[in-house]
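Presented below is the structure to which this report refers.
The values are calculated or read from the model by the stated rules, or taken from the named source; none is laboratory data. Nothing here was measured: the structure is a model prediction, and the numbers come from that model. Virtual Cβ from ideal backbone geometry, glycine too; neighbours counted across all protein chains shown.
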Amino acid sequence: MTAPALLEARDLKVDRGGVAVLDVPSFRLEEGEFVSLIGPNGCGKTSLMLSLMCLLPRATGQVLWRGAEVSTGRASIALRRRMAMVLQEPLLFHATVYDNVAAGLRIRALPRREERRRVMGYLERFGLTALEERSARTLSGGESRRVSIARALATEPEVVLLDEPFAHLDPPTRQGIADDLERTIREQGAAAVLVTHDQAEALRLSERIVVMQRGAIVQSGAPAVVMNDPVNEFVATCMGMETIVEGVVVRHVDGEVIMAVAGREISAIGVGAPGDRVYCCIRPEHVTIELISPAGSSSARNVFPARIASVSSAGTYLKVKLDCGFPLVATVTTESLATLGLSRGRDVFASFKATAVHVIRQAC
């Protein structure tokens with residue numbers, strides 16, 4: 001018999017204004033698990049979080065805590081006292097940093113000595129000690145986020161719900177806060193649910209990724225599985241498969257499937273019957289650009305002459321869009337761009353291995 005989850009939702013349906021916004025047959029959060037919710041705006045991520053806190057009226061369904069249904073108002077309040085939520089916009093009181101971090105502890109009527117110990121400990125964890133007496137209204141965006149997170153974690157919740165807590169921060173600030181948050185949650189042994197649009201963030205922080213679309217969960221699994229084995233085109237797009245092209249299987253030989261794509265043939269490891277319509281999905285980091293054809297000198301099964309359509313910045317690397325008869329996206333470093341002399345209009349060769357192609361059969 002399966003042990004009860006720390007937090008669980010069953011047959012959960014939520015309507016707003018007569019429109020269904022959430023339809024989740026099952027969601028489980030285990031002890032100490034870190035789960036990321038990914039999907040476009042309006043897909044139900046925040047609605048699921050609020051439902052887990054029993055803050056949204058449900059059309060149907062149950063929320064359970066360690067196997068026991070949360071079915072009364074009193075039980076809902078008790079559940080929320082075990083949880084903490086961090087919002088995208090830090091809602092701080094017009095008070096000092098110390099008083100903001102202490103707010104949840106005072107609601108719980110902790111003794112003053114214990115309050116002081118915890119507040120100072122969390123101020124130190126999040127690099128806020130020097131701001132103890134500063135008014136929260138004078139803080140920068142990054143400092144405000146740190147105070148908001150410290151306030152939530154100071155209550156030492158068993159579940160932390162994070163609704164895009166790093167949005168609109170510059171990369172160094174975002175990275176620093178994410179590192180401090182992850183370390184603290186791991187040390188506390190808390191479980192966490194993170195809403196994010198950042199695939200790299202989800203991959204780094206999570207034991208499990210849940211992809212949502214139109215209020216439903218379309219895939220849930222280990223990060224490597226969801227990233228490299230998406231169940232459909234939508235999940236592939238969410239997980240950064242920048243090249244998704246349609247093709248038709250023409251033959252299958254010795255574990256390798258050959259697909260016709262825009263007059264070219266792409267090889268992949270997999271199965272398929274001639275005539276099957278498929279999507280070929282390729283991550284940009286798996287595409288190599290060279291000035292001379294690597295055919296015969298490389299293990300890559302797929303080599304195509306290409307022309308560079310555009311080069312654009314993508315944070316710490318550069319994104320190169322290629323025209324191979326079909327669109328293909330690659331990523332390169334600044335150093336590689338300069339060494340190869342890559343620029344718009346240049347003719348190059350693009351290659352990728354058969355193992356780099358994920359094939360999704362189109363629904364009939």
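Assorted remarks:
- For ALA167, the stated conditions do not hold, so it cannot be described as over 13 Å from ASP198 (Cα atoms), touching a residue at least 12 places away in the same chain (Cβ under 8 Å) and out of contact with any Cys (no Cβ under 9 Å at 6 or more places or on another chain).
- Count of residues meeting criterion [touching a Pro at 6+ places or on another chain (Cβ under 7 Å) and buried (at least 18 other Cβ atoms within 10 Å of the Cβ)] in region 1-49: 0
- Every condition in (1) modelled with pLDDT under 95; (2) within 17 Å of ALA262 (Cα to Cα); (3) touching a Leu at 6+ places or on another chain (Cβ under 9 Å) holds for GLY325 except the one numbered (3).
- Long-range neighbours under 7 Å by Cβ, at least six apart or interchain, first residue among the small types (Gly, Ala, Ser) within region 43-70, second assigned to a helix (DSSP H, G or I): none
- TRP65 satisfies every condition listed in (1) buried (at least 20 other Cβ atoms within 10 Å of the Cβ); (2) modelled with pLDDT under 95 except (2).
- Any hit, region 298-306, residues being in contact with a strand residue (DSSP E or B) (Cβ under 9 Å, 6 or more places away or on another chain), in contact (Cβ under 8 Å) with a residue 60 or more places away in the chain and among the β-branched types (Val, Ile, Thr): no
- Checking each residue in region 108-122 for being without any contact (Cβ under 8 Å) to a residue 24 or more places away in the chain and within 21 Å of ALA78 (Cα to Cα) picks out ALA109, LEU110, PRO111, GLU115.
- From VAL250, VAL225, residue being part of a helix (DSSP H, G or I) and surrounded by fewer than 20 Cβ atoms within 10 Å (Cβ to Cβ): VAL225
- When region 127-142 is filtered for residues that are closer than 16 Å to LEU91 by Cα and touching a residue at least 40 places away in the same chain (Cβ under 8 Å), the ones remaining, listed by number, are SER135, ALA136, ARG137, LEU139.
- With a requirement of 3 or more residues that are modelled with pLDDT of 95 or more and over 20 Å from ALA192 (Cα atoms), the helices (runs of 4 or more DSSP H) lying completely within region 69-157 that satisfy it span 97-107, 112-125.
- Of the residues making up region 275-285, those that are touching a residue at least 60 places away in the same chain (Cβ under 8 Å) and either within 22 Å of GLY263 (Cβ to Cβ) or over 32 Å from the mean Cα position of the chain (by Cα) (or both) are ASP276, ARG277, VAL278, TYR279, CYS280, CYS281, ILE282.
- With respect to (1) in contact with a helix residue (DSSP H, G or I) (Cβ under 6 Å, 6 or more places away or on another chain); (2) buried (at least 22 other Cβ atoms within 10 Å of the Cβ); (3) in a helix (DSSP H, G or I), the lone exception for ALA202 is condition (1).
- ARG82 vs. criteria of a type outside the set (A, V, I, L, M, F, W, C) and surrounded by 12 or more Cβ atoms within 10 Å (Cβ to Cβ): yes
- Residue check for ASP180: of a type in the set (Asp, Glu), under 27 Å from ARG28 (Cβ atoms) and at pLDDT below 95: no
- Region 20-68, subset among the β-branched types (Val, Ile, Thr) and assigned to a strand (DSSP E or B), residue farthest from GLU201 (Cα to Cα): THR60
- When the strands (runs of 3 or more DSSP E) confined to region 267-342 are screened for residues that are surrounded by fewer than 14 Cβ atoms within 10 Å (Cβ to Cβ), of a type outside the set (Lys, Arg) and assigned by TED's automatic domain parsing to the domain that holds VAL257, those reaching at least 2 such residues are found at 302-314.
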